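Student: There's a structure below that I have some questions on.
The values are calculated or read from the model by the stated rules, or taken from the named source; none is laboratory data. This one's a predicted model, so the numbers in the text were calculated from it and none came from an experiment. Here the Cβ is made from the backbone with ideal geometry for all residues, glycine too, and neighbour counts use every protein chain on show. Ligands, DNA and RNA are stripped out before the accessible areas are found, and what is left, the full protein with its side chains, is counted by its heavy atoms. Shrake-Rupley method; radii C 1.70, N 1.55, O 1.52, S 1.80 Å.
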Amino acid sequence: MSSTQFDGDIDSFVSYLKSNRGLSANTLKAYRADLTACLHLFELRGVTDLNEITLDDLRSWMAVESRDHARSSMARKTVAVRGFFAWAYEHGVTTTDPAATLMTPSIPSTLPAVLTESQAEQLLDVAEHAVATNQYKDDGGAAAVSGSGKAAGKTADKSADTVNRSEAPVRADKRNNARVTAESQRNAAILELLYATGIRVAELVSMDIADIDFSTRTIKVTGKGNKQRVVPFGLPAQRALETWLEQGRPVLARTATDPVKSRAANALFLGARGGRIDQRIARDIVHRAAREAGVPDISPHALRHSAATHILDGGADLREVQEMLGHSSLKTTQRYTHVSIEQLKSRYGQAFPRA
């Protein structure tokens, strides 16, 4: 990332946002990058004082940036720049606010991709079947080592070194089988929880074990801006979570090294090496499950869309869904009513004789 003579002002603004707005680390990082790129351009044009920047200059910057960025990216960049100059004016860094009337590019309204209820059920059924298929029970290991009475007698004649070498592959197979089973249990629990609650993938990977309350069948979720909410989940998700916590998680926890183990001690979901699972792995789990289930390829966010749409289809109140999803604006939640209407129109066209 390029540095500018205005880095000190950018640092102060980002610190202000972190303290007063509670924005996520990713959002703060994006805002910093947007502002650095913007002010670096003005620096190349010979600007040495923020007070020299005018509204026309900012419009010129938008014209340059829009050549290589989508409208959604430009909307974020504009919000960052407008917020920066508003902060600068309020804190006496500048004498005016040139970005006060800078317009945010309009973003086309697109309906989110969703699974049908039957496709969602198929996705979760396949994940549950994978757990049953990969279920590993430690009931054959001893026989594999000791064998029958006759084989055991022959084994007794061998040296201890030979026995140890023969047992090593068996132990390795046991560990590998147990790990595969644990990962299947984890994946099923992740899919069930994402669909049951509609939480974001960032919220999922940051959850701790203590955030689950099985007595009320709810989870505590920390969303954008560090806002917390309580979300209910159903019996299938409870069963998947209990199986993961009781059987699968201890297996993956044993693979962690000491530093990783201390950092992930409270994490709800673990990766293959025993650390807290990251978003990339969680996304891969959803994509792979969709392929294996033969349903349209979806992301965790599409699974969130699906959950919201199916809940609304089932008769839930829009405000309740807004609270469940952690939307700050009801307008965001209303998008899912449009999805439901589009699906209704499609079913109407197929089923009604006078459609």
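Student: Pick from T257, T243, T181: which is open to solvent by less than 30 Å² (accessible area, probe 1.4 Å), more than 19 Å from the chain's Cα centre (by Cα) and either hydroxyl-bearing (S, T, Y) or more than 30 Å from K18 (Cα to Cα) (or both)?
Tutor: On the way: T257 fails: open to solvent by less than 30 Å² (accessible area, probe 1.4 Å); T243 fails: open to solvent by less than 30 Å² (accessible area, probe 1.4 Å).
Just one listed residue meets the conditions, T181.
Student: Which residue is farthest from T104 (Cα to Cα), if the candidates are limited to segment 25-59 and must be open to solvent by less than 20 Å² (accessible area, probe 1.4 Å) and not in a helix (DSSP H, G or I)? Give the steps one after another, and end with the answer.
Tutor: Our first condition is that a residue be open to solvent by less than 20 Å² (accessible area, probe 1.4 Å); within segment 25-59, this holds for 28, 34-36, 38-39, 42, 47, 50, 53, 58.
Checking the rest, the ones that are also not in a helix (DSSP H, G or I) come to 47, 53.
Numbers: V47: 24, I53: 18 Å.
Only one residue tops the list, namely V47.
Student: Can I ask one more? Return the total of residues in segment 214-249 being assigned to a strand (DSSP E or B) and without any contact (Cβ under 8 Å) to a residue 24 or more places away in the chain.
Tutor: 5
Student: If you go through segment 271-297, how many residues are basic (K, R) and open to solvent by less than 20 Å² (accessible area, probe 1.4 Å)? Give the steps one after another, and end with the answer.
Tutor: At the first step, the residues of segment 271-297 found to be basic (K, R) are 273, 276, 280, 283, 288, 291.
In the following step, the residues that additionally are open to solvent by less than 20 Å² (accessible area, probe 1.4 Å) were identified as none.
Residues that pass the stated criteria total 0.
Student: Also, quick follow-up: Just to be sure, is E117 more than 29 Å from A202 (Cβ to Cβ), out of contact with any Pro (no Cβ under 8 Å at 6 or more places or on another chain) and open to solvent by 20 Å² or more (accessible area, probe 1.4 Å)? Explain how you work it out, then say what you get.
Tutor: Numbers: more than 29 Å from A202 (Cβ to Cβ): no; out of contact with any Pro (no Cβ under 8 Å at 6 or more places or on another chain): yes; open to solvent by 20 Å² or more (accessible area, probe 1.4 Å): yes.
Considered against the rule, which asks whether it is more than 29 Å from A202 (Cβ to Cβ), out of contact with any Pro (no Cβ under 8 Å at 6 or more places or on another chain) and open to solvent by 20 Å² or more (accessible area, probe 1.4 Å), E117 comes out as no.
Student: Please go through (1) in contact (Cβ under 8 Å) with a residue 60 or more places away in the chain; (2) in a helix (DSSP H, G or I) for D284 and return the number of the only condition it doesn't satisfy.
Tutor: (1)
Student: One residue is enough: does segment 1-24 have a residue meeting the conditions exposed (fewer than 11 other Cβ atoms within 10 Å of the Cβ) and modelled with pLDDT of 90 or more?
Tutor: Scanning segment 1-24, I find at least one residue that is exposed (fewer than 11 other Cβ atoms within 10 Å of the Cβ) and modelled with pLDDT of 90 or more, so the answer is yes.
Student: Let me ask something else about it. With segment 106-210 as the region, which helices (runs of 4 or more DSSP H) entirely inside it contain at least 3 residues that are at pLDDT 85 or above and within 24 Å of V251 (Cα to Cα)?
Tutor: Passing ranges, in order: 117-134, 160-197, 201-205.
Student: Taking segment 260-270, which residues are buried (at least 21 other Cβ atoms within 10 Å of the Cβ) and either in contact with a Pro (Cβ under 9 Å, 6 or more places away or on another chain) or modelled with pLDDT under 90 (or both)?
Tutor: Listed by number, the list holds a single entry, A264.
Student: Restricting attention to segment 237-277, report how many residues are among the basic types (K, R) and under 22 Å from F214 (Cα atoms). Before the answer, list the steps.
Tutor: First, pick out the residues of segment 237-277 that are among the basic types (K, R): 239, 249, 254, 261, 263, 273, 276.
The next check asks that each one be under 22 Å from F214 (Cα atoms); those that pass are 239, 249, 276.
Final tally of qualifying residues: 3.
Student: Conditions: (1) open to solvent by 20 Å² or more (accessible area, probe 1.4 Å); (2) part of a loop (DSSP other than H, G, I, E, B); (3) hydroxyl-bearing (S, T, Y). Y89 meets all but one. Number of the miss?
Tutor: With respect to (1) open to solvent by 20 Å² or more (accessible area, probe 1.4 Å); (2) part of a loop (DSSP other than H, G, I, E, B); (3) hydroxyl-bearing (S, T, Y), Y89 is out only on (2).
Student: Of the conditions (1) of a type in the set (A, V, I, L, M); (2) out of contact with any Ser or Thr (no Cβ under 8 Å at 6 or more places or on another chain); (3) buried (at least 16 other Cβ atoms within 10 Å of the Cβ); (4) outside any helix (DSSP H, G or I), L102 clears all except one; give me its number.
Tutor: Only one criterion is unmet by L102, namely (2).
Student: Taking only pairs six or more apart or across chains, which ones have beta-carbon atoms under 7 Å, a first residue in segment 250-270 that is farther than 17 Å from S184 by Cβ, and a second residue that is modelled with pLDDT under 80 and of a type in the set (S, T, N, Q)?
Tutor: No pair meets every condition.
Student: Which one is farthest from S24 (Cα to Cα) among residues in segment 66-85 that are open to solvent by 30 Å² or more (accessible area, probe 1.4 Å) and in a helix (DSSP H, G or I)? So that I can check it myself, show each step before the final result.
Tutor: First pass over segment 66-85, keeping only residues open to solvent by 30 Å² or more (accessible area, probe 1.4 Å): 66-73, 76, 79, 82.
When the remaining residues are screened for being in a helix (DSSP H, G or I), the result is 71-73, 76, 79, 82.
Details: R71: 22, S72: 18, S73: 17, R76: 14, V79: 15, R82: 19 Å.
Applying the filter and picking the extreme gives R71.
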